[in-house]
1. Have a look at 107, 157 and point out the one that is of a type in the set (Gly, Ala, Ser) and either within 16 Å of ligand 2 (Cβ to nearest atom) or without any contact (Cβ under 8 Å) to a residue 40 or more places away in the chain (or both).
2. Those residues that are acidic (Asp, Glu) and surrounded by fewer than 18 Cβ atoms within 10 Å (Cβ to Cβ), I need them from region 226-264; list them, please.
3. With the checklist (1) in a loop (DSSP other than H, G, I, E, B); (2) in contact (Cβ under 8 Å) with a residue 24 or more places away in the chain; (3) more than 14 Å from ligand 1 (Cβ to nearest atom); (4) under 20 Å from residue 268 (Cα atoms) in hand, flag the one item residue 222 doesn't pass.
4. Identify all residues within region 149-170 that are touching an Asp or Glu at 6+ places or on another chain (Cβ under 9 Å) and buried (at least 24 other Cβ atoms within 10 Å of the Cβ); write none if there are none.
5. Look through 174, 198 and report the one residue that is touching a Ser or Thr at 6+ places or on another chain (Cβ under 8 Å) and under 19 Å from residue 63 (Cα atoms).
6. So which residues in region 173-210 are within 12 Å of ligand 1 (Cβ to nearest atom) and of a type in the set (Asp, Glu), if there are any at all?
7. Based on what the data block shows, is residue 91 under 26 Å from residue 268 (Cβ atoms), touching a residue at least 40 places away in the same chain (Cβ under 8 Å) and surrounded by fewer than 17 Cβ atoms within 10 Å (Cβ to Cβ)?
8. Which fully enclosed strands (runs of 3 or more DSSP E) of region 41-136 have 1 or more residues being within 16 Å of ligand 1 (Cβ to nearest atom) and within 16 Å of residue 262 (Cα to Cα)?
Amino acid sequence: MPGTVYSPVLSGGSCAGWKAKLHMTVNILCIGDLVGQAGRNLLAGQLPSFITDHNVDLVVCNAENVAGGSGLTPANFEEILRHGVDVVTLGDHVYRRREIVPILESSARIVRPANLSCKAAGKRWTVVETKSGGCRAGVVCVLGQMFMKPADSPWASIDQCLGEMDDDVRIRIVDFHAEASSEKIAMGWHLNGRVSIVFGTHTHIPTADARILDKGTAYISDLGMTGPYDSILGRRKDHVLKALTTSMRVRFDVARGDPRMCGILVGVEAATGKAVSIERVEVSGRVQEEAYHEGGGQ
Ligand SMILES: [Fe+2]
Ligand SMILES: [Fe+2]
């Protein structure tokens, strides 16, 4: 059903002005791995109205799967910013499309995983103003180590990034791009009380464990993807099943059916950076028939 939202409207609103800011709850939308054309079309159709209807003051989106299911192009980046995304995080597919490198090096609205080589292109963290201005938010992403390609310690890396941010950046958001739920919840507790939000990405499956940890950090193990759910993790079922059942090499094209925007909507107290509310978000959209090309990439 188009436009279905499984989330109450939360209190909050403008952040302009320091006095207002002290008592303000900032509504932050975090959305999971944006996949292919279906994900982009869904974002175009649903995100602007969601931002208005829910008084969203900051949108963070993991966009590692946008270009044909892997990577992100400069055109993709500009497009999703136009739809209302404020900060893009990435994951293990960060450099799949090399043309994104100049954007990684120049824009404050995109971060690469912090625990790659110190020589890797891109920023390890960023600080941006919220949409209404007046509040600043820091955003970092790190890669997990379990069942993932080698990366530096996410524990040391996240501590270093947080230590480098100004102390007055109270709102802090961490994307932990990891496979293992055990490693993800461990990161939640590692950062409990030190950041506003820890959300997991990478598995493309939304988890049912959204909660606020006891020191004020909103946590979920995985946001789920923003893309086609009539699929296997965003790829065509028939292609993946053929590969799995025949042991043959098959190209995994991006699927199109049952697109949903998944994530969390978190209320964060501007003065302290503590989370005060968290709700899962799941918005369904129409199948984008015109965007689908049988047997081709997107
Ligand atoms: Fe990933
Ligand atoms: Fe992903």
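Every number here is computed from the coordinates shown, using simple stated rules; none is lab data. What you see is a predicted model; the values in this text were computed from it and never measured. Because the Cβ atoms are built from the backbone with ideal geometry, glycine has one as well, and the counts that use them run over all protein chains shown.
1. 107
2. 230, 238, 258 - these are the residues of region 226-264 that are acidic (Asp, Glu) and surrounded by fewer than 18 Cβ atoms within 10 Å (Cβ to Cβ).
3. Every condition holds for residue 222 apart from (3).
4. Hit for region 149-170 is 154, nothing else.
5. Result of the check over 174, 198: 198.
6. Of everything in region 173-210, those that are within 12 Å of ligand 1 (Cβ to nearest atom) and of a type in the set (Asp, Glu) turn out to be 175, 179.
7. No: the conditions fail for residue 91.
8. Here the list reads 56-62, 87-89.
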